[in-house]
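Taking it in order: structure first as structure tokens, then the write-up.
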Amino acid sequence: MQYGAFSTDSLMYITNRPDLVFERGEGAWLIDHQGKRYLDFIQGWAVNCLGHCPPEITEALVGQAGRLINPSPAFYNGPMVELAGLLTANSCFDRVFFANTGAEANEGAIKLARKWGRLHKGGAHEIITFEHSFHGRTLATMSASGKAGWDTLYAPQVSGFPKAAYNDIAAVEALIGPKTVAVMLEPVQGEGGVIPAGIEFLKALRELTRQRGILLIVDEVQTGVGRTGKLFAHEHADIEPDIMTLGKGIGGGVPLAALLAREDICCFEPGDQGGTYNGNPLMTAVGVAIMKRMLAPGFLAEIEARGQYLAKCLRELSAKHGLKGERGSGLLRALILDDERAPQIVQRALTMQPVGLLLNAPRPTLLRFMPALNVSETEIDQMIAMLDELLAKQD
Ligand SMILES: *Cc1c(COP(=O)(O)O)cnc(C)c1O
């Protein structure tokens, strides 16, 4: 489409974007170039945990931009140290490496596990991952992902990522061999269709990996930082993994990600790991603001409460329209349809008048909801009313 003097055709074609350009965001709302408002239940793909342009992020960015933007990754800076401290004080991990994207944090986790395997496990380097998992779009993280078609898309793959069936402890056990160094999983498979790992499965996985002397890596890029009602989703199972990655919510909309590990796993030496923007103060200052909000008394409990409210509304909607229920954790949820009309619903939600609704369909039979963590019950009610109208038209 034409946008002023410019054309969207100047952008590389990588996905089907609708013919509109977003110009403003306010809390739960996005506003396009024609002034139309959209109730946003995508929120940058479970990223904008405090909604669009929350004052604490704007203030963190503006304040930090006036003080120090980039001293170089070879020096400490204040927000980098403060954010690392907030993360280690509120998790079972001892040290943090900051990255820019979830995929980059996961690459770091893979490298750390492989180095640990070289030092302590006779060169073991295989990392067991799961069918339908999603770990990012670099070559190694695509290879680690269990997404159909990704094994051939940019062949040859990075080797060393055998896939087990999710929630199947026997399938994991069957894959463990002398070359195995770790098991890596998402506590809720987000892109795979909002499929939570069972609490018992997570506990059994921790037990199994400990017994076999291999590492447990949790990819909490989508589930971490409050999304499921706990600061980190693995806390629901009361387990302590060896390595965790964060992305999305930790930056609340800016590119920030993190690799966290327990002290005895931290075996990087100078030169092993780095990156020009790692720990840059502009992004880590935002991370500090986000963490302070997460840790404010009652904030996580409110997420849990609103997650339950959303679940209840979705169950009622499902019953009313004869659908197949809902699933998820906290404010990462999905409505399970009875046929493959999710993409059409997403499209029609977008074009509703006078206001639109932004939803995501990770599968043709599934609608995913990933609102801001401070979404209100009124906003949930409004989304449900709009969805009710869309479903009624198609019943
Ligand atoms: C989004 C996502 C990633 C990739 O993060 P990017 O920032 O897009 O690189 C990795 N793992 C999970 C579980 C994700 O949801």
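The values are calculated or read from the model by the stated rules, or taken from the named source; none is laboratory data. In this text, all values refer to a predicted model and were calculated from it rather than measured experimentally. Please note: Cβ atoms are built from the backbone with ideal geometry, for glycine as well, and neighbour counts cover all protein chains shown. In case anyone asks, the SASA skips ligands and DNA or RNA and just uses the protein heavy atoms, side chains included. Shrake-Rupley method; radii C 1.70, N 1.55, O 1.52, S 1.80 Å.
PRE reach from residue 339 (point 7 Å along Cα→Cβ): which of region 362-395 fall under 18 Å by backbone N? The answer is 363-367, 388-395, whose backbone nitrogens lie closer than 18 Å to the label point. Computed packing ranks the peptides 275-286, 199-210 as 275-286, 199-210, most packed first, by mean other Cβ atoms within 10 Å. Projecting the Cα positions of 270, 166, 232 onto the charge dipole of the chain (unit charges on Cβ atoms of Lys, Arg, Asp and Glu, taken about the Cα centre) puts 270 furthest along the positive direction. Per residue, the solvent-accessible area of region 68-294 (1.4 Å probe, heavy atoms of protein chains only, all protein chains present) comes to 39 Å². Protection proxy ranking, highest mean first, for peptides 7-15, 126-134: 126-134, 7-15, where packing is the per-residue count of other beta-carbon atoms within 10 Å, averaged.
Of the peptides 361-370, 77-86, 62-71, 105-114, the order by per-residue mean of other Cβ atoms within 10 Å, starting with the highest, comes out as 105-114, 361-370, 77-86, 62-71.
Straight-line cross-link reach from residue 36 at under 16 Å between alpha-carbon atoms covers these aspartates and glutamates, not counting any fewer than eight positions away in the same chain: 19, 23, 26. Taking a point 7 Å out from the Cα of residue 19 in the direction of its Cβ, the residues of region 348-390 whose backbone N falls within less than 15 Å of it are 351. From the Kirkwood radius over Cα pairs of the chain, Stokes-Einstein at 4 °C and 1.567 mPa s returns a whole-number translational diffusion coefficient of 59 µm²/s. Here the relative contact order of the chain, from alpha carbon pairs under 8 Å that lie six or more residues apart, stands at 22 percent.
Take the Cα of residue 153, step 7 Å toward its Cβ, do the same at residue 319, and the gap between the two points is 4.0 nm. The string of couplings for region 13-29 from the Karplus curve (6.51, -1.76, 1.60, θ = phi - 60°) is 7, 10, 7, 7, 8, x, 7, 8, 10, 7, 10, 9, x, 9, x, 8, 10 Hz, one whole number per residue in order, with x for Gly and Pro. When the solvent-accessible area of the chain is split by element, carbon and sulfur atoms take up 54 percent of it, the probe being 1.4 Å. Shown in residue order for region 344-352 are the 3J(HN,Hα) couplings computed by the Karplus curve 6.51 cos²θ - 1.76 cosθ + 1.60 at θ = phi - 60°: 5, 5, 4, 5, 6, 5, 4, 9, 4 Hz (x for Gly and Pro). Report the full-extension gain for the segment residue 12 to residue 277: residue separation times 0.36 nm, less the Cα-Cα distance, to one decimal in nm. Roughly 92.9 nm would be gained on extension. The label-point distance for residue 72 and residue 34, in a model that sets each label 7 Å from Cα toward Cβ, rounds to 5.1 nm. Model label sites at residue 299 and residue 89, defined 7 Å from Cα along the beta-carbon direction, differ in position by 1.3 nm.
Using the rule -39500 (n - 2.57) for each DSSP H run of four or more residues, divided by the residues of the chain, the 222 nm mean residue ellipticity is -11500 deg cm²/dmol. Cross-link pairs exceeding 31 Å in C-alpha to C-alpha distance, out of 111/312; 248/324; 248/393; 203/320; 179/203; 147/248, comprise 111/312; 248/393; 203/320.
Computed from backbone phi, the HN-Hα couplings of region 375-383 come to 4, 9, 4, 4, 5, 4, 4, 5, 4 Hz, rounded to whole numbers (Karplus: 6.51 cos²θ - 1.76 cosθ + 1.60, θ = phi - 60°; Gly and Pro given as x).
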